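Q: The structure under discussion is supplied below as structure tokens; questions concerning it will follow.
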Amino acid sequence: MTVETETDGGDATVATTAVDVVNDAEEALIEEGEIAGDYLEQLLDVLDFDGDIDLDVEGDRAIVSIDGGRDLTKLVGRNGEVLDALQELTRLAVQQTTGVRSRLMLDVAGWRAQRRTDLSEIGVAAAKRVLESGAPEALSAMTPFERKIVHDAVADIDGVASESEGVEPNRHVVVVPE
């Protein structure tokens, strides 16, 4: 299947297939992950922290995780604040090299993965309470990343919906009956 064609300046036509587009996108994400991995490896060396860096691609995002060192919780900070800042710095390092804004996701010591599980459970529990009571329930303030996880968890349950209310930094999810 041909997605688009373009001329190369002469009489030849270059065909771009859907497979080529997907392969190019995945290669770009792999490159993002490698750039991020190099940046983070240098940071770990400067801090004299031990850790293994793992690179992956999920959907349209590069995923970089650091595991294995006992000092790594210092890179998470209170409520993931240091991790969020480190993720932004890593995205900027990737952008400086590629010239393209990065959406990579960084996890340290499995904190973000565990947080995702915890937030899904919070969303499901709130949805069940709303189904039983019929009354809306407002959750505590969350980051956009955290709200999305809760919205996704609530969306899987029939009879309830969720919406975000408020203004940052106090924006929160409200679970409502449908």
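The values are calculated or read from the model by the stated rules, or taken from the named source; none is laboratory data. Please read these numbers as outputs of a predicted model, since none were measured by experiment. Here the Cβ is made from the backbone with ideal geometry for all residues, glycine too, and neighbour counts use every protein chain on show. Surface accessibility is based on the protein's heavy atoms, side chains included, excluding ligands, DNA and RNA. Shrake-Rupley method; radii C 1.70, N 1.55, O 1.52, S 1.80 Å.
Q: To the nearest 10 degrees, how steep is helix 144-155 against the longest Cα principal axis of the chain, on a 0 to 90 scale?
A: Its long axis makes an angle of about 70 degrees.
Q: If you bin every alpha carbon distance in the chain into 5 Å steps from zero, what whole percent lands in each bin?
A: For the chain, the pair-distance distribution reads 1, 8, 13, 14, 13, 12, 12, 10, 7, 5, 3, 1, 0, 0.
Q: Fully extended, how many nm does the chain gain between ALA161 and ALA135 (0.36 nm per residue separation, minus their Cα-Cα distance)?
A: Length gained, ALA161 through ALA135: 8.2 nm.
Q: Could you order SER140, SER65 by accessible surface area, starting with the largest, using a probe radius of 1.4 Å?
A: Solvent-accessible surface, decreasing: SER140, SER65.
Q: What does the accessible area per residue of segment 54-103 come to in Å², with a 1.4 Å probe and no ligands, DNA or RNA counted?
A: Heavy-atom SASA per residue in segment 54-103 reads 60 Å².
Q: Just read off the accessible area of ASP56 with the full protein assembly in place, 1.4 Å probe, to the nearest 10 Å².
A: 80
Q: Here is a further query. Let me check something: with ligands and nucleic acids excluded, how do SER133, SER120 order by accessible area (1.4 Å probe), largest to smallest?
A: The ranking, largest first, comes out as SER133, SER120.
Q: What Rg and what Dmax come out for segment 21-83 when only alpha-carbon atoms are used, in angstroms?
A: For segment 21-83, the Cα-based Rg and Dmax read 13.2, 41 Å.
Q: Could you order ILE122, ILE157 so the one with the most accessible surface comes first? Probe is 1.4 Å.
A: Reading off the accessible areas and sorting them downward yields ILE122, ILE157.
Q: Let me ask something else. Using 0.36 nm per residue, how much length does the chain from ASN23 to GLU168 gain when fully extended, once their Cα-Cα distance is taken away?
A: Gain on stretching ASN23 to GLU168: 48.5 nm.
Q: Taking one equal scatterer on every alpha-carbon of segment 118-159, how large is log10 of I(q)/I(0) by Debye at q = 0.15, 0.24, 0.35 1/Å?
A: Listed by q, the Debye log ratios stand at -0.31, -0.78, -1.30.
Q: Okay, moving on. I want to verify a result. In a Gaussian network model of the chain, Cα cutoff 10 Å, which of these has the top mean-square fluctuation: THR73, THR143, THR98?
A: THR143
Q: Another question, if that's okay. Any idea what the relative contact order of the chain is, in percent, if you count C-alpha pairs under 8 Å spaced at least 6 apart?
A: After rounding, I find 14 percent.
Q: In the chain, which longest range has no trypsin sites (Lys or Arg not before Pro) that are both DSSP loop (not H, G, I, E or B) and surrounded by at most 16 other Cβ atoms within 10 Å?
A: It runs 1-69.
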